[in-house]
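Report on the following structure.
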Amino acid sequence: MPKLDREGIFAMLQEFLHQRFDIPLESAKPHLRLSELGLDSMLMLDIMLEFEDRLAIKLSDMSLPRDASLGDVAALIERNIPTD
């Protein structure tokens, strides 16, 4: 698996949101809150499961701040990628 940094993960997240939820790429910025996109906890779970499959990882640390942003989601995914 290629080593991904937060920028690469965020680009994947933007593309996924565009494909799955028709969110324009230019609208999906790191500071944008999930609530502003209309993403609830069930849709967030869908995103997490998708990235587990895409990156062949297990998201064991799923903690996000209240009213999380897309940048927070990218950070969550990044910290769950094995460093080996």
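Residues of the stretch 10-38 that are closer than 11 Å to residue 72 by Cα and of a type outside the set (D, E, K, R): 10, 30, 31, 32, 34.
Is it the case that some residue within the stretch 34-54 is in contact with a strand residue (DSSP E or B) (Cβ under 8 Å, 6 or more places away or on another chain) and either farther than 23 Å from residue 19 by Cα or among the hydrophobic types (A, V, I, L, M, F, W, C) (or both)?
Here is the first cut: in the stretch 34-54, the residues in contact with a strand residue (DSSP E or B) (Cβ under 8 Å, 6 or more places away or on another chain) are 34.
Those left that are additionally either farther than 23 Å from residue 19 by Cα or among the hydrophobic types (A, V, I, L, M, F, W, C) (or both): 34.
Yes, the stretch 34-54 contains a residue that is in contact with a strand residue (DSSP E or B) (Cβ under 8 Å, 6 or more places away or on another chain) and either farther than 23 Å from residue 19 by Cα or among the hydrophobic types (A, V, I, L, M, F, W, C) (or both).
Of all residues in the stretch 29-49 being more than 14 Å from residue 70 (Cβ to Cβ) and not hydrophobic (A, V, I, L, M, F, W, C), which is modelled with the lowest pLDDT?
Only one residue tops the list, namely 41.
Suppose we keep only residues that are surrounded by fewer than 13 Cβ atoms within 10 Å (Cβ to Cβ) and part of a loop (DSSP other than H, G, I, E, B) within the stretch 1-28. Which one would you say is modelled with the lowest pLDDT? Among those that are surrounded by fewer than 13 Cβ atoms within 10 Å (Cβ to Cβ) and part of a loop (DSSP other than H, G, I, E, B), it is 1.
Inspect the stretch 54-71 for any residue being closer than 15 Å to residue 10 by Cα, charged (D, E, K, R) and part of a helix (DSSP H, G or I) and give the result as yes or no. Looking through the stretch 54-71, at least one residue is closer than 15 Å to residue 10 by Cα, charged (D, E, K, R) and part of a helix (DSSP H, G or I).
Inside the stretch 60-71, can you point out the residues that are of a type in the set (A, V, I, L, M, F, W, C) and either surrounded by fewer than 16 Cβ atoms within 10 Å (Cβ to Cβ) or modelled with pLDDT under 90 (or both)?
The first filter runs over the stretch 60-71 and keeps only residues of a type in the set (A, V, I, L, M, F, W, C), leaving 62, 64, 68, 70.
The answer is 62, 64.
The values are calculated or read from the model by the stated rules, or taken from the named source; none is laboratory data. The model shown is predicted, which means the values in this text are computed figures rather than measured ones. Cβ sites come from the backbone with ideal geometry, for glycine too, and all protein chains shown count toward neighbours.
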